[in-house]
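Student: This is the structure I want to talk about, given as structure tokens.
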Amino acid sequence: MTGSSAQLPQAYKITNIRQENAKNKTYVQDGSLQARQGQFVMAWLPGMQDKPFSLASSNPLGLTIAAIGPVSRALHALRPGNSIWVRGPLGRGYQLNGQPGDHLLLIGGGYGVAPLRYLAEVALTRGFQVSAIIGARTKADLLLVDAFQALGVRPLLTTEDGSGGLRGVVTDALEPFLIGDAPAPAAVYTCGPTGMLRAVAARCHTAGVPVQVSWEAHMRCGIGLCGSCEVGRGWLTCLDGPVFPFDPEQVSPGS
């Protein structure tokens with residue numbers, strides 16, 4: 001779905017629902033989108049406001065949704081055979097730079113892991129080597145570990161309480177890749193909480209490693225009309241992002 005058709009919602013029937021952890025489910029649907037990794041869609045149910053969700057896959061269309069608000073809780077009540085109305089793809093996604101055989105490092109925290117699963121799938125298909133770091137507060141909060149393993153990527157895990165993987169945060173697991181104790185990445189791709197993104201991006205910049213960062217902001221329209229997702233320098237997350245260039249002088253678009 002491209003061009004003007006991307007602005008019209010289309011109904012997709014749910015074919016499968018995977019329970020990823022206590023808060024997250026992945027909804028596999030009966031269609032596909034021609035979408036770049038890192039783009040997002042607006043999902044809608046009749047009588048409710050539409051909400052943005054990153055693509056966990058495009059063929060078939062897959063959305064990983066956390067039950068944290070009225071819309072996402074309503075989506076969690078759906079069953080196979082029900083429909084979700086989807087508008088998109090929207091925004092600017094990740095660019096796969098480099099040559100086949102290059103090593104790419106993907107770093108996700110919390111709900112930000114979902115678009116990286118799609119990125120890993122595309123990168124592997126194009127011949128890149130892929131490593132991943134997945135971080136969360138606790139082992140129970142880790143997301144899509146099995147999905148990465150199904151792609152042949154064994155992610156390094158970090159938890160703040162030490163209940164799963166390395167005790168600490170994702171930058172602790174990142175450090176060996178930057179100082180030569182692990183395979184050096186040609187580029188780093190990251191998505192997650194703002195504090196994590198700033199720390200990862202700043203560390204990569206210091207080490208001279210290219211980094212692409214997907215920033216989060218509150219979105220309502222998804223097409224640049226309402227201005228609710230404006231960040232620093234007048235950027236609109238829905239149009240100019242969610243993947244923005246990293247500016248070391250600003251640290252993030254919203255700083």
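Student: Rounded to the nearest 0.05, what FRET efficiency do residue 68 and residue 181 give with R0 = 51 Å and r taken as the Cβ-Cβ distance? Could you check? Don't skip to the answer; put the middle values down first.
Tutor: Values: r = 37 Å, r/R0 = 0.72.
So, using R0 = 51 Å, E works out to roughly 0.90.
Student: Right, here's the next one. What ratio of Cα Rg to 2.2 N^0.38 Å holds for the stretch 126-212?
Tutor: Values: Rg = 12.7 Å, N = 87, 2.2 N^0.38 = 12.0 Å.
It is 1.06.
Student: Under the √(5λ) rule applied to the eigenvalues of the Cα gyration tensor, what semi-axes describe the equivalent ellipsoid of the stretch 115-176? Give them in Å, descending. Numbers along the way, then the final one.
Tutor: On the way: eigenvalues 97, 30, 13 Å².
They are 22, 12, 8 Å, listed largest first.
Student: Right, here's the next one. Rounded to a whole number, what is D in µm²/s for the stretch 15-151 from Stokes-Einstein with the Kirkwood radius over alpha-carbon pairs (20 °C, 1.002 mPa s)?
Tutor: On the way: Rh = 15.4 Å.
Translational diffusion coefficient: 139 µm²/s.
Student: Same structure again: Once ligands and nucleic acids are excluded and a 1.4 Å probe is used, how much of residue 244 is accessible, expressed in Å² to the nearest 10?
Tutor: In the full protein context, residue 244 sits at about 10 Å².
Student: On alpha-carbon atoms, Rg over Rh for the stretch 71-179 using Kirkwood Rh? Can you show the working numbers first?
Tutor: Values: Rg = 15.9 Å, Rh = 15.5 Å.
Ratio value, two decimals: 1.02.
Student: Taking just the alpha-carbon atoms of the stretch 46-116, what radius of gyration and Dmax come out, in angstrom?
Tutor: Using the Cα atoms of the stretch 46-116, the pair Rg, Dmax is 15.0, 48 Å.
Student: Once the dipole of the stretch 63-129 is set up with Lys and Arg at +1 and Asp and Glu at -1 on Cβ about the Cα centre, which of 114, 63, 81 lies farthest towards its positive end?
Tutor: Towards the positive end, the residue furthest out is 81.
Student: For a quick protection proxy, order the peptides 207-215, 76-84 by their average other-Cβ count within 10 Å, most packed first.
Tutor: On the way: 207-215: 19.6, 76-84: 13.6.
With the highest mean Cβ count within 10 Å placed first, the list reads 207-215, 76-84.
Student: Here is a further query. Using +1 on the beta carbon of Lys and Arg, -1 on that of Asp and Glu, and nothing else charged, what's the dipole of the stretch 127-183 about the Cα centre, debye to 20?
Tutor: Numbers: 4 positive and 7 negative charges, 27 e Å.
It comes to approximately 120 debye.
Student: State to the nearest 20 debye the size of the charge dipole of the stretch 1-121 about its Cα centre, where the only charges are +1 on K and R beta carbons and -1 on D and E beta carbons. Don't jump to the answer; show the numbers that get you there.
Tutor: Details: 11 positive and 5 negative charges, 64 e Å.
Using only the charged Cβ atoms, the result is roughly 300 debye.
Student: With every protein chain kept in place and ligands, DNA and RNA left out, what is the accessible area per residue of the stretch 1-130? Probe 1.4 Å, answer in Å². All intermediate terms of the calculation are to be shown ahead of the outcome.
Tutor: Working: 5480 Å² over 130 residues.
Using a 1.4 Å probe on heavy atoms only, each residue of the stretch 1-130 averages 42 Å².
Student: If the reach is capped at under 20 angstrom between alpha carbons, list the lysines near residue 13, excluding any in the same chain fewer than eight residues apart.
Tutor: 25, 51
The values are calculated or read from the model by the stated rules, or taken from the named source; none is laboratory data. The structure presented is a predicted model; accordingly, all values stated were derived computationally and were not measured. Glycine gets a Cβ as well: all are built from the backbone with ideal geometry, and neighbour counts include every protein chain shown. Keep in mind that these areas ignore ligands, DNA and RNA; they rest on the heavy atoms of the full protein, side chains included. Shrake-Rupley method; radii C 1.70, N 1.55, O 1.52, S 1.80 Å.
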